[in-house]
Amino acid sequence: MAEAHGEVTWSVLKGSVEEWSAVLLVLAFPLVGFIINGMWGRRLPKPLVGFVACSAIFGAFVASLYLLVMNLSLPPLQRSMQVDVYSWLEAGPIKIPFALLLDPLSIAMALTVSGVSFLIHVYSVGYMAHDEEFSRYFALLNLFVFFMLLLVLAGNLATMFIGWEGVGLCSFQLISFWFTRERAAEAGRKAFIVTRFGDFGFLVATLGLLAIFGTLDFGDIAMAIQRNEIVKPWWGDKVHAIDALNKPTVIGLTLGTLICLGLFMGAIGKSAQFPLYVWLPDAMEGPTPVSALIHAATMVTAGVYMVARLHFLFEQAPIALTVVAIIGAFTAAYAATMGCVENDIKRVLAYSTISQLGYMFLACGLGAYIAGFYHLITHAFFKALLFLCAGSVMHAMHDVLDIRKMGGLVKKMPITALTFWIGGLALAGLIPSGLFSKDAILHAAESQKALWALGLFTAVLTAFYTTRLGIKVFHGKPRDEHLHEHAHESPDKMTIPMILLAFGTLAVSVLWLPSFVAKDWTVLPQYLQPVLGEIHEPSAQEALKSTIWAVGAASLGLIVSLFAYSLRPGALWAFAKALPFLYRLVAGKYFIDEIYAALITRPGRKLSEFVSAHFDLGIIDATVNGVGWLTSQIGLAVRRMQTGFIRNYALYFVGASVLLLFYMLFRGIMMTR
């Protein structure tokens, strides 16, 4: 497979009433579901709450499917349409509408988000059946999907920012859903605070674009760069668009580079890349379907989508693109190493998500936007499947997360085991679709040998920890007889979504087949070409060579894992004893959380306590209390004058009259001089 490159001819049309109605339905369905369950859910029976929530997301999926059909009926160059819902912000020459953009990229993403989210909602009906906060859960889940769809369909950065912050708020609410548990509450706060660092960069970069172009519309910015039109920045000089972006700064970088790095800073926070990845493993404290939704179809994919959406801007800043590729490749390998030693079933998958997102950013940094987006779609299916399988295992094992207490569950849970291995082998890159999407990224990286080597090394580790997870959970002898005795397959409401996701995992592979499998079968690249650029498909021989490398790396990881955990259990433990420092380093997650605690958390807390004790209490509170005390004392003094005796009031009157007389006499004397 190959990367997507080349000029993109932007032609944004105004949407008709038909598109306007359909795109609003995509957003309206989950919003209405949130309102109904949020306001009246506690009074409704649980089956009705679940039906409303699932129907809302299914309605959004059907509306997205309708948009796809309409979009395909148009010529390729007329498939980008903007819908200005209403005039939102106006300040002098600056006009920012609440705009939605319908094009192949947004529609494909909306379909992925709504389709995968619908299956997760159905699964949740069974998983959360006995939870007392059933209605609140589904209200928040609907709102989460609404904000993600708004982010995806946004026609400008201002509208996108609403969805961007909305998914952050909902993730905080859902991660800390069981807020009576201290770890869940702490995980929610951690996710909210860590992502704020990235969001600051996103907001500053957005303001920078507004200063340069006077607009935040994606189409307007893209066409200004494409045509190099005259723009009038806020600093007053009339320059060309490219000149404005390449204006040097005091630190030696161009404005375009700084803006793209700011945007990527936001992506690092939302998509959990190094160094702002630390919130995602802790986010596993939320309900498992929430983990599936965050990792597969919503929040963490927002950063990748944003970079692909603004590719025309990043291409003006090669340094920023290089940073994107390096951070992506490093994070992919770095997170994979931690997945190899983690024993919490959900945290293994969390580190896997961080790693696979690194693959997507690697692709985007290399200009292979379609390859990165293809991996986003395939990852949405198999990662959602793996999390739902993890939830099924937890359901059977009474919420036990430690894989060292599992084993032998394949006989008790055959459907869960089968679907897990379908998703796991796709994640490992040993069966479509994970093989084809990962292969496309590795092929794009072949020109950058260091990045390609990191990607290949990550493929080995991915297959290793996925196989390790499957063996420890489903095969071998049970490690806890009591837990194993009571294990059972999950109900149909949970297994049917898993089966459908397993079929989806295999089916999405047909979106882009390697040339040695089916020549010119590039459904997804052809559809996305008007937005993300042309593709340069390698020859069948080159594609086969790339696939052999990818399969070979994955096979190596699988074989080593089989040997270490099935054929010769304990072999790797001997290796860990031989290198205790390395094992402690990786098992301790490189002590990044401890470093952050020492450098940021504890000093920040001490500074806050000092400010609270000396500034808040000593100055602000003292000033407010002092004003209150002074007012009270004045009131007491005045109250003493209110005696109720007429003689006292007459004395006050006579005294005041005398003082007034003396004042008038003194003033008259001074004026006659």
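Descriptive notes on the structure:
- In the chain, the alpha-carbon atoms span a convex hull of 253 Å³ per residue.
- Projected label distance in nm at His398 and Ala453, using a 7 Å step from Cα toward the beta-carbon: 5.0
- For region 309-426: relative contact order, % (alpha-carbon pairs under 8 angstrom, 6 or more apart): 25
- Once the convex hull of all Cα atoms in region 299-394 is built, its volume per residue stands at 76 Å³.
- The chain - mean residue ellipticity at 222 nm from DSSP helices (-39,500 (n - 2.57) per run, n ≥ 4, rounded to 500): -22500 deg cm²/dmol
- Estimated FRET transfer efficiency (Phe179, Leu661; beta-carbon r; R0 60 Å; 0.05): 0.25
- Length-normalised contact order of region 410-549 in % [C-alpha pairs under 8 Å, at least 6 apart]: 31
- Anisotropy class of region 29-124 from Cα gyration tensor, a/c 1.5 cut: oblate
- Ligands, DNA and RNA left out, the accessible area of the chain computed with a 1.4 Å probe is 69% carbon and sulfur.
- With the convex hull drawn around the C-alpha atoms of region 592-673, the volume per residue stands at 136 Å³.
- Looking at region 120-164, none of the chymotrypsin sites (Phe, Trp or Tyr not before Pro) sits in a DSSP loop with at most 15 other Cβ atoms within 10 Å of its own Cβ.
- Longest to shortest principal axis, alpha-carbon extents of region 495-591, angstrom: 54, 38, 32
- Reported to the nearest whole Å, the Cα centre-to-centre distance from region 256-322 to region 491-543 is 23.
- Förster radius 30 Å - calculated FRET efficiency between Arg189 and Val638, Cβ distance, rounded to 0.05: 0.05
- Region 625-673 shape via C-alpha gyration tensor axes, a/c threshold 1.5: oblate
- Sequence-separation-based contact order of the chain, relative, with Cα cut under 8 Å and 6+ spacing, percent: 14
- Neighbour cut-off at most 13 other Cβ (10 Å), DSSP loop, trypsin sites (Lys or Arg not before Pro), region 497-599: Lys519
- Average accessible surface for the chain: 43 Å² per residue, computed with a 1.4 Å probe over protein heavy atoms with every protein chain in place.
- Cα gyration tensor category, rounded, prolate or oblate, for region 163-207 with a/c compared to 1.5: oblate
- Separation of region 46-98 from region 580-610 is 43 Å, based on Cα centroids.
- Tilt relative to the chain, helix 434-444 - C-alpha long axis, 0 to 90 degrees, to 10: 80
- Members of Lys346/Lys589; Lys519/Lys545; Lys190/Lys405; Lys383/Lys411; Lys46/Lys270; Lys405/Lys438 lying beyond 27 Å, as alpha-carbon distances in this model show: Lys190/Lys405; Lys46/Lys270; Lys405/Lys438
- Figure note: Ile242, Ile415 ranked by solvent-accessible area, largest first, 1.4 Å probe, ligands and nucleic acids not counted: Ile415, Ile242.
- For region 401-450, the spread of Cα positions along each principal axis, largest first, Å: 47, 22, 12
The values are calculated or read from the model by the stated rules, or taken from the named source; none is laboratory data. None of the values given here were measured: they were computed from a predicted structure. Neighbour counts are summed over all protein chains in view; Cβ atoms, including those assigned to glycine, are modelled from backbone coordinates with ideal geometry. The accessibility values were calculated without ligands, DNA or RNA, using every heavy atom of the protein model including side chains. Shrake-Rupley method; radii C 1.70, N 1.55, O 1.52, S 1.80 Å.
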